[in-house]
Structure formats: structure tokens, C-alpha cells
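Written out below as C-alpha cells is the structure these notes cover.
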Amino acid sequence: MGRWKIHMIAIAIGALAGWAWWNWYGCASGCGITGQWWSSTAYGGVMGYLLLGLVLPAGKRKRSEASDEG
């Protein structure tokens, strides 16, 4: 599976979690993130992408980049 597909899945799961948070726990007014469905969903997508970066190993580097550190 390509890395971009994994990233898209993580963003979709995060967005779904953000929407679910808004739906069940979000406040009616005055909240920056959970006050609107679209901001909560976008925030969830960003968090899904960032959390994936913590667990997904780094991609392969080019040989020229690896030899410069040597």
C-alpha cells in the first residue's frame, strides 16, 4: 500500500473522529474548535495526519543524502 493511501486513511479516520466529537460532545456556541462541525472535522483530520507521523517509520532516503552524513 502506498504511503499516500496510508496518509489519506489516517486523515479520514481523524476527520471522522473529529466529527464524532462535535456530534456527541461539542458545545453549541463559543468554542473555537468544537463549536462548528467543519472546524472539528478539519482539526481531527490534521490530528490524524500528525499522529500517523509518530507511528509510521520514515521513508527511504536517497543514497546521495545518506552518504552526505557519513
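Every number here is computed from the coordinates shown, using simple stated rules; none is lab data. Owing to the predicted nature of the structure, the values given are computational and were not obtained by experimental measurement. Neighbour counts run over all protein chains shown; Cβ positions are idealised from the backbone, glycine included.
Values computed for the structure shown
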{"item": "Inter-site label distance for LEU54 and TRP37 at 7 Å from Cα along Cβ, in nm", "result": "2.8"}
{"item": "Label assignment, Cα Rg over 2.2 N^0.38 Å derived from the structure, set (1) 2.11; (2) 1.59; (3) 1.54", "result": "(3)"}
